[in-house]
Amino acid sequence: MSGKQLTLFVTLKIKPSLIEEFKAAHRPVWAACAKEPECLFFDVFQDPAEPDKFRFVEV
């Protein structure tokens, strides 16, 4: 890895009726992202206070 590092913070708001479909469709993508050799950290958080809000963090 070079000396440069990129950190991504992404927030998405999902239509409440589509949350389960969104999670099911994206779980394989999230797993693949976490396995990339350049990825030091990857996680997805669903806000308990606002369940339609998801936050992604990738380093």
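Using Cα positions and a limit of under 28 Å, work out the lysines in reach of LYS13, with same-chain residues fewer than 8 apart set aside.
Cα-Cα hits under 28 Å: LYS23, LYS35, LYS53.
Kirkwood hydrodynamic radius, computed over distinct alpha-carbon pairs, for the chain: how many Å, to one decimal? Display every interim value, and only then the final one.
Values: mean 1/r = 0.0799 Å⁻¹.
Here the Kirkwood hydrodynamic radius works out to 12.5 Å.
Before anything else, pin down the relative contact order of the chain: Cα pairs under 8 Å, at least 6 apart, normalised by residue count, whole percent.
Relative CO of the chain lands at 46 percent.
A short reminder: the numbers here are calculations on the coordinates, not readings from a lab. The shown structure was predicted, so the numbers you read here are calculated from the model rather than taken from an experiment.
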